[in-house]
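K.L.:
I have a structure here, written as structure tokens, and I will follow up with some questions on it.
The values are calculated or read from the model by the stated rules, or taken from the named source; none is laboratory data. Keep in mind that what you see is a predicted model, and the values were worked out from it rather than measured. Here Cβ is always computed from backbone atoms with ideal geometry, including for glycine, and neighbour counts include all displayed protein chains.
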Amino acid sequence: MNSTHGLVVLFLILFVFQFVLERFLAVFNLRHILAHRDAVPELLKNALSHENYERSIRYAKVRTRFDHVEACFDAALALVYLFSGVIPWGNARIQHLGLGTLASGVLLIGGFLFVNSLLSLPLEWHETFHIEAQFGFNQTTWQTFWTDKLKSGIVSLVLGVPVLAALLWFIQHSGSTWWIWGAMFVIAFQLALVVVYPFVIAPLFNKFTPLEEGEAKQQLRDLAESCLFKAKDIFVMDGSRRSTHSNAYFTGLGKARRIVLYDTLLQQLSLAELKAVLAHEIGHFKLGHIVKMIFLSSVLTFLGFFLCSALLSCPPLFQAFGFDSRADAAGLLLIGLIAPAFTFWVKPLFSRLSRKHEYEADAFAASVTRDPRNMGGALLKLFEKNLSTLLPHPAYSAYHYSHPTLLERLAALKWNIEADAPI
């Protein structure tokens, strides 16, 4: 077996293994959820209504079926892209246009992403207007849906074209060290985007208004100041325009940081619970989670670019998928399509790290507010409003969940609704 055939066989083995593993985990997870549908766990028997518990189980069933369909669609599409010859065909047609190397490469990758987004639209439409609407989450109108798509496309063009052109230029003009310059450029771009996003991009999709002056704002501001967390202001985002799901986060760097609360969150939580949620988000910053993730992301960016450089210099990569010679832009597309089959095993490691950070941020919030009940109460309300899964299969949550389950977080907080006090 030559190296070309060996690469194809290895990819297919890993591709099938990943697909089967993730589908089996989804099946095991749903069976586990259904096996525990008859009784609310003891810790929550006085806090969680059976009706909401049953709705969360129905939501999990519908989501699981949809995930199966979406996974099959994505897998079939990836195989078509890789083995039908459509990428070599598209690359050849674009090269005949005589646009130049950079413009041709950008057009190939941009055209692929555009076609892929079009093909994914029916599933996205069904998810938004059928599944989310069925459970009362969707607030998106057809006009908002298509307007968002148009805005996203424009933003992608404005940001994506220069980035793609720069990367292709590095590949063509920086020799064997192009991956170093490419990684440095992408990291710098991402950091710049963190600064620009809150002021330029986010307002294109949502309205951000300063939280009204009053007791709530004063107490939230006092909390931030007591944690030595400086932010430009506290803003309310009109998340209810699209969904009844809720969230809170902070964004930006340095003095440009801003605290953002979904309007749905303000409607769902008490002031004490809002303070706990804000303290949790501040905890991520104060405990160094943001810096750690930026550092880890930067290291992985360098590693990814190094591997890309090695693969682009590997003739079997191109021969395996229908090319006679090296084509840089097409090579980046191929790497993007085959990479998940080689990197899926890393996902549980990142999920584990993220869950560790969530536990630490919960503990920080409990310490700052001096009462675990507020954080626990907020988690319980958010669970009910979002119909989260209460009892996922341990293997499924270990693989997929970036946050601990509700029961795991309440146990870590030593929270007990029956005693109305920490355990």
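K.L.:
Might you let me know whether region 325-335 holds any residue that is not polar (S, T, N, Q) and not in a helix (DSSP H, G or I)?
P.N.:
The answer is yes, given that some residue of region 325-335 is not polar (S, T, N, Q) and not in a helix (DSSP H, G or I).
A quick yes/no check of all residues on (1) without any contact (Cβ under 8 Å) to a residue 12 or more places away in the chain; (2) in a helix (DSSP H, G or I); (3) out of contact with any His (no Cβ under 9 Å at 6 or more places or on another chain):
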residue: Val260; (1), (2), (3): no, no, yes
residue: Leu274; (1), (2), (3): no, yes, yes
residue: His280; (1), (2), (3): no, yes, yes
residue: Val299; (1), (2), (3): yes, yes, yes
residue: Gly304; (1), (2), (3): no, yes, yes
residue: Leu311; (1), (2), (3): no, yes, yes
residue: Leu317; (1), (2), (3): no, yes, yes
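K.L.:
In region 331-357, how many are free of Cβ contacts under 8 Å to residues at least 24 places away in the same chain and β-branched (Val, Ile, Thr)?
P.N.:
Adding up the residues that qualify gives 2.
K.L.:
Could I ask something else about it? Specify the residue that is nearest to Gln319 (Cα to Cα); the eligible residues are those in region 3-33 that are surrounded by fewer than 17 Cβ atoms within 10 Å (Cβ to Cβ) and over 27 Å from the mean Cα position of the chain (by Cα).
P.N.:
My answer is Thr4.
K.L.:
Please note which helices (runs of 4 or more DSSP H) are completely contained in region 72-184 and include at least 1 residues that are free of Cβ contacts under 8 Å to residues at least 12 places away in the same chain, exposed (fewer than 14 other Cβ atoms within 10 Å of the Cβ) and more than 25 Å from the chain's Cα centre (by Cα).
P.N.:
Working: elements: 86-95, 101-126, 142-173.
Where helices (runs of 4 or more DSSP H) fall fully within region 72-184 and carry at least 1 residues being free of Cβ contacts under 8 Å to residues at least 12 places away in the same chain, exposed (fewer than 14 other Cβ atoms within 10 Å of the Cβ) and more than 25 Å from the chain's Cα centre (by Cα), they are 86-95, 142-173.
K.L.:
Continuing with this model, one more query. Any residue at all in region 218-234 that is surrounded by 14 or more Cβ atoms within 10 Å (Cβ to Cβ) and among the polar types (S, T, N, Q)?
P.N.:
Yes - at least one qualifying residue is present in region 218-234.
K.L.:
In addition: Restricting to region 190-204, name every residue that is farther than 17 Å from Ala248 by Cβ, under 18 Å from the mean Cα position of the chain (by Cα) and not polar (S, T, N, Q). It would help to see each step written out before you state the result.
P.N.:
Filtering region 190-204 for residues farther than 17 Å from Ala248 by Cβ gives 190-196, 199-201, 203-204.
This time we only want the ones that are under 18 Å from the mean Cα position of the chain (by Cα), so: 190-191, 193-194, 201.
Those that are farther than 17 Å from Ala248 by Cβ, under 18 Å from the mean Cα position of the chain (by Cα) and not polar (S, T, N, Q): Leu191, Leu193, Val194, Ile201.
K.L.:
Kindly provide the set of residues from region 19-56 that are under 13 Å from Ser388 (Cβ atoms) and at pLDDT below 90, ordered by number.
P.N.:
Passing the criteria: Leu44, Leu48, Asn52, Tyr53, Arg55, Ser56.
K.L.:
Also: Of all residues being in contact with a strand residue (DSSP E or B) (Cβ under 9 Å, 6 or more places away or on another chain) and among the polar types (S, T, N, Q) in region 226-252, which is farthest from Thr128 (Cα to Cα)? Just the residue, please.
P.N.:
Thr251
K.L.:
Being part of a helix (DSSP H, G or I), free of Cβ contacts under 8 Å to residues at least 60 places away in the same chain, in contact with a Ser or Thr (Cβ under 8 Å, 6 or more places away or on another chain) and hydrophobic (A, V, I, L, M, F, W, C) is the requirement here; does Ala202 meet it?
P.N.:
Working: part of a helix (DSSP H, G or I): yes; free of Cβ contacts under 8 Å to residues at least 60 places away in the same chain: yes; in contact with a Ser or Thr (Cβ under 8 Å, 6 or more places away or on another chain): yes; hydrophobic (A, V, I, L, M, F, W, C): yes.
Taking the combined requirement at face value, the residue satisfies it.
K.L.:
Could you figure out which of (1) basic (Lys, Arg); (2) touching a residue at least 60 places away in the same chain (Cβ under 8 Å); (3) closer than 21 Å to Phe19 by Cβ isn't true of Arg65?
P.N.:
(2)
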